[in-house]
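Working notes, structure below.
The values are calculated or read from the model by the stated rules, or taken from the named source; none is laboratory data. Bear in mind that the values here come from a model prediction, so they are computed numbers and not experimental data. Every residue, glycine among them, receives a Cβ derived from its backbone with ideal geometry; neighbour counts consider all protein chains shown. Heads up: the accessible areas ignore ligands, DNA and RNA and are worked out on the full protein's heavy atoms, side chains in. Shrake-Rupley method; radii C 1.70, N 1.55, O 1.52, S 1.80 Å.
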Amino acid sequence: MTETVAEHIEKLGGVATSSQLKEAGYAPGVIEYALSSGKIDRLTRGVYCSLDVLDDEFAAVTMRWPKCILSHGTALYLLGLSDRVPGNLSVSVPRDYNPQELRRTHPDMRIHRESDRLYGLGKTTVKDPMGIIVPTYDAERSIADIIQERAKGTANPQIVRDAIVGYFRKGDRDLPKLAKMCEALGVRDELQRYLEVLE
(Lines give C-alpha, C1' and ligand atoms only; values in the text may rest on other atoms or scores of the structure.)
Protein backbone atom coordinates (compact mmCIF):
# COMPACT_ATOMS: atom_id res chain seq x y z
CA MET A 1 0.00 0.00 0.00
CA THR A 2 1.71 3.17 -1.18
CA GLU A 3 -0.75 5.70 0.27
CA THR A 4 -0.05 6.50 3.92
CA VAL A 5 -2.77 6.62 6.60
CA ALA A 6 -2.33 10.41 6.80
CA GLU A 7 -2.81 10.78 3.01
CA HIS A 8 -5.89 8.58 3.09
CA ILE A 9 -7.43 10.61 5.93
CA GLU A 10 -6.66 13.79 3.99
CA LYS A 11 -8.45 12.34 0.95
CA LEU A 12 -11.52 11.62 3.11
CA GLY A 13 -11.74 15.30 4.06
CA GLY A 14 -9.42 15.33 7.06
CA VAL A 15 -11.40 13.02 9.37
CA ALA A 16 -11.90 9.23 9.33
CA THR A 17 -13.26 6.59 11.67
CA SER A 18 -11.17 3.53 12.57
CA SER A 19 -13.68 1.35 10.67
CA GLN A 20 -13.21 3.47 7.51
CA LEU A 21 -9.44 3.03 7.81
CA LYS A 22 -9.75 -0.72 8.41
CA GLU A 23 -12.05 -1.04 5.36
CA ALA A 24 -9.37 0.74 3.31
CA GLY A 25 -6.90 -1.99 4.38
CA TYR A 26 -4.98 -0.29 7.20
CA ALA A 27 -4.21 -2.64 10.11
CA PRO A 28 -4.76 -1.30 13.66
CA GLY A 29 -0.97 -1.36 14.24
CA VAL A 30 -0.40 0.87 11.19
CA ILE A 31 -3.01 3.36 12.44
CA GLU A 32 -1.48 3.30 15.94
CA TYR A 33 2.00 3.85 14.51
CA ALA A 34 0.81 6.85 12.44
CA LEU A 35 -0.74 8.26 15.64
CA SER A 36 2.27 7.68 17.91
CA SER A 37 4.71 9.06 15.31
CA GLY A 38 2.71 12.30 15.06
CA LYS A 39 1.49 11.86 11.46
CA ILE A 40 -2.20 11.93 12.46
CA ASP A 41 -4.23 13.00 15.50
CA ARG A 42 -7.05 11.39 17.44
CA LEU A 43 -10.18 13.58 17.46
CA THR A 44 -12.04 11.26 19.83
CA ARG A 45 -12.14 7.52 20.49
CA GLY A 46 -12.21 5.68 17.14
CA VAL A 47 -11.98 8.90 15.09
CA TYR A 48 -8.70 10.10 13.56
CA CYS A 49 -7.89 13.35 11.79
CA SER A 50 -5.23 15.24 9.87
CA LEU A 51 -2.90 17.40 11.95
CA ASP A 52 -4.48 20.62 10.66
CA VAL A 53 -7.96 19.71 11.96
CA LEU A 54 -8.29 21.59 15.23
CA ASP A 55 -10.58 20.42 18.00
CA ASP A 56 -13.73 19.96 15.90
CA GLU A 57 -16.54 19.02 18.29
CA PHE A 58 -19.17 18.89 15.51
CA ALA A 59 -17.23 16.19 13.64
CA ALA A 60 -16.00 14.41 16.77
CA VAL A 61 -19.53 13.88 18.11
CA THR A 62 -21.22 12.90 14.84
CA MET A 63 -18.44 10.50 13.80
CA ARG A 64 -18.12 8.79 17.17
CA TRP A 65 -21.92 8.60 17.62
CA PRO A 66 -23.30 8.26 14.06
CA LYS A 67 -26.93 8.36 15.29
CA CYS A 68 -26.44 11.99 16.39
CA ILE A 69 -27.86 14.62 14.05
CA LEU A 70 -26.85 18.20 14.88
CA SER A 71 -30.08 20.06 15.58
CA HIS A 72 -31.85 23.04 17.15
CA GLY A 73 -29.49 25.95 17.94
CA THR A 74 -26.44 24.04 16.66
CA ALA A 75 -28.11 23.41 13.30
CA LEU A 76 -29.21 27.06 13.06
CA TYR A 77 -25.59 28.14 13.61
CA LEU A 78 -24.20 25.71 11.01
CA LEU A 79 -26.86 26.81 8.49
CA GLY A 80 -25.99 30.49 8.99
CA LEU A 81 -29.36 31.25 10.62
CA SER A 82 -27.83 32.17 13.98
CA ASP A 83 -24.57 33.95 14.70
CA ARG A 84 -24.53 32.58 18.23
CA VAL A 85 -21.76 29.97 18.49
CA PRO A 86 -23.30 27.08 20.42
CA GLY A 87 -21.63 26.74 23.81
CA ASN A 88 -23.27 23.34 24.23
CA LEU A 89 -24.09 21.25 21.19
CA SER A 90 -27.68 20.16 20.53
CA VAL A 91 -28.19 16.77 18.90
CA SER A 92 -31.20 14.65 18.00
CA VAL A 93 -31.18 10.87 18.48
CA PRO A 94 -33.83 8.13 18.13
CA ARG A 95 -36.05 7.73 21.20
CA ASP A 96 -34.84 4.16 21.85
CA TYR A 97 -31.16 5.18 21.63
CA ASN A 98 -29.20 4.94 24.88
CA PRO A 99 -27.03 8.10 25.09
CA GLN A 100 -25.33 7.10 28.38
CA GLU A 101 -21.76 7.24 27.01
CA LEU A 102 -22.57 10.44 25.10
CA ARG A 103 -23.91 12.10 28.28
CA ARG A 104 -20.87 10.96 30.25
CA THR A 105 -18.45 12.38 27.67
CA HIS A 106 -20.47 15.57 27.00
CA PRO A 107 -22.45 16.35 30.18
CA ASP A 108 -23.59 19.78 28.91
CA MET A 109 -24.89 18.55 25.56
CA ARG A 110 -28.61 18.99 24.84
CA ILE A 111 -29.87 15.60 23.66
CA HIS A 112 -33.30 15.52 22.00
CA ARG A 113 -34.81 12.02 21.82
CA GLU A 114 -37.21 11.75 18.89
CA SER A 115 -39.91 9.34 17.78
CA ASP A 116 -39.36 7.19 14.67
CA ARG A 117 -41.74 9.52 12.81
CA LEU A 118 -39.61 12.61 13.51
CA TYR A 119 -36.04 11.29 13.79
CA GLY A 120 -34.19 11.98 10.52
CA LEU A 121 -37.01 14.14 9.09
CA GLY A 122 -35.21 16.93 7.21
CA LYS A 123 -31.72 15.41 7.65
CA THR A 124 -29.03 16.89 5.42
CA THR A 125 -25.28 17.56 5.59
CA VAL A 126 -23.29 20.80 5.78
CA LYS A 127 -19.64 21.76 6.07
CA ASP A 128 -18.78 22.77 9.61
CA PRO A 129 -16.40 25.69 10.33
CA MET A 130 -13.40 23.33 9.87
CA GLY A 131 -14.68 22.24 6.44
CA ILE A 132 -15.72 18.75 7.61
CA ILE A 133 -19.07 17.45 6.31
CA VAL A 134 -21.42 16.74 9.22
CA PRO A 135 -25.06 15.58 9.49
CA THR A 136 -27.57 18.23 10.52
CA TYR A 137 -31.21 19.12 10.07
CA ASP A 138 -32.10 21.42 7.17
CA ALA A 139 -33.34 25.00 7.56
CA GLU A 140 -37.03 24.11 7.52
CA ARG A 141 -36.74 21.40 10.17
CA SER A 142 -34.49 23.60 12.31
CA ILE A 143 -36.94 26.51 12.19
CA ALA A 144 -39.80 24.14 13.11
CA ASP A 145 -37.72 22.76 16.02
CA ILE A 146 -36.93 26.23 17.36
CA ILE A 147 -40.60 27.33 17.04
CA GLN A 148 -41.57 24.21 19.02
CA GLU A 149 -38.97 25.05 21.69
CA ARG A 150 -40.33 28.61 21.88
CA ALA A 151 -43.88 27.26 22.29
CA LYS A 152 -42.61 25.17 25.24
CA GLY A 153 -40.83 28.22 26.67
CA THR A 154 -37.37 26.64 26.38
CA ALA A 155 -35.88 28.81 23.60
CA ASN A 156 -34.39 32.28 23.77
CA PRO A 157 -36.92 34.59 21.99
CA GLN A 158 -34.07 36.57 20.38
CA ILE A 159 -32.55 33.45 18.78
CA VAL A 160 -35.99 32.44 17.50
CA ARG A 161 -36.66 35.88 16.00
CA ASP A 162 -33.20 36.13 14.39
CA ALA A 163 -33.48 32.62 12.93
CA ILE A 164 -36.94 33.22 11.46
CA VAL A 165 -36.02 36.63 10.01
CA GLY A 166 -32.81 35.10 8.60
CA TYR A 167 -34.78 32.24 7.08
CA PHE A 168 -37.22 34.60 5.34
CA ARG A 169 -34.27 36.50 3.82
CA LYS A 170 -32.90 33.27 2.28
CA GLY A 171 -33.31 33.03 -1.47
CA ASP A 172 -33.80 29.26 -1.33
CA ARG A 173 -36.44 29.14 1.42
CA ASP A 174 -39.19 26.56 0.92
CA LEU A 175 -42.36 27.73 2.69
CA PRO A 176 -44.53 24.69 1.79
CA LYS A 177 -41.81 22.44 3.26
CA LEU A 178 -41.57 24.66 6.35
CA ALA A 179 -45.35 24.40 6.80
CA LYS A 180 -45.12 20.59 6.53
CA MET A 181 -42.33 20.46 9.12
CA CYS A 182 -44.31 22.66 11.51
CA GLU A 183 -47.36 20.45 10.94
CA ALA A 184 -45.28 17.33 11.78
CA LEU A 185 -44.03 18.98 15.00
CA GLY A 186 -47.49 20.29 15.94
CA VAL A 187 -46.61 24.00 15.69
CA ARG A 188 -48.45 25.02 12.50
CA ASP A 189 -50.50 27.68 14.36
CA GLU A 190 -47.36 29.18 15.91
CA LEU A 191 -45.79 29.40 12.44
CA GLN A 192 -48.90 31.22 11.21
CA ARG A 193 -48.50 33.80 13.97
CA TYR A 194 -44.87 34.44 12.96
CA LEU A 195 -45.90 34.76 9.31
CA GLU A 196 -48.54 37.36 10.21
CA VAL A 197 -45.99 39.39 12.19
CA LEU A 198 -43.47 39.26 9.33
CA GLU A 199 -45.92 40.26 6.57
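Determine whether the range 131-139 contains at least one residue that is modelled with pLDDT under 95, of a type outside the set (V, I, T) and more than 17 Å from Y77 (Cβ to Cβ).
no
Can you tell me which condition P66 does not meet? The list is (1) modelled with pLDDT of 90 or more; (2) open to solvent by 20 Å² or more (accessible area, probe 1.4 Å); (3) part of a helix (DSSP H, G or I), and all the others hold.
So the condition that P66 fails would be (3).
Tell me yes or no: at least one residue of the range 42-60 is without any contact (Cβ under 8 Å) to a residue 60 or more places away in the chain and touching a Phe, Trp or Tyr at 6+ places or on another chain (Cβ under 7 Å).
The answer is yes, given that some residue of the range 42-60 is without any contact (Cβ under 8 Å) to a residue 60 or more places away in the chain and touching a Phe, Trp or Tyr at 6+ places or on another chain (Cβ under 7 Å).
Within the range 19-31, restricting attention to residues that are open to solvent by 30 Å² or more (accessible area, probe 1.4 Å) and either closer than 20 Å to K127 by Cβ or in contact (Cβ under 8 Å) with a residue 12 or more places away in the chain (or both), which residue is farthest from the chain's Cα centre (by Cα)?
V30
Could you tell me which of the residues A24, A75, A60, A34 is touching a Leu at 6+ places or on another chain (Cβ under 6 Å) and of a type outside the set (D, E)?
Residue meeting the stated conditions: A60.
Kindly indicate the residue of the range 153-163 that is part of a helix (DSSP H, G or I) and either in contact (Cβ under 8 Å) with a residue 24 or more places away in the chain or among the small types (G, A, S) (or both) and also surrounded by the most Cβ atoms within 10 Å (Cβ to Cβ) among those meeting that condition.
It comes out as A163.
Select, from R141, R150, R193, the only residue that is assigned to a helix (DSSP H, G or I), open to solvent by 20 Å² or more (accessible area, probe 1.4 Å) and within 21 Å of H112 (Cβ to Cβ).
R150
Among the residues of the range 164-174, are any under 21 Å from the mean Cα position of the chain (by Cα), part of a helix (DSSP H, G or I) and surrounded by fewer than 17 Cβ atoms within 10 Å (Cβ to Cβ)?
No: zero hits.
Give the residues of the range 98-129 that are open to solvent by 40 Å² or more (accessible area, probe 1.4 Å), in contact (Cβ under 8 Å) with a residue 12 or more places away in the chain and closer than 13 Å to I69 by Cβ, sorted by residue number.
Those that are open to solvent by 40 Å² or more (accessible area, probe 1.4 Å), in contact (Cβ under 8 Å) with a residue 12 or more places away in the chain and closer than 13 Å to I69 by Cβ: R110, R113, Y119, L121, K123, T124.
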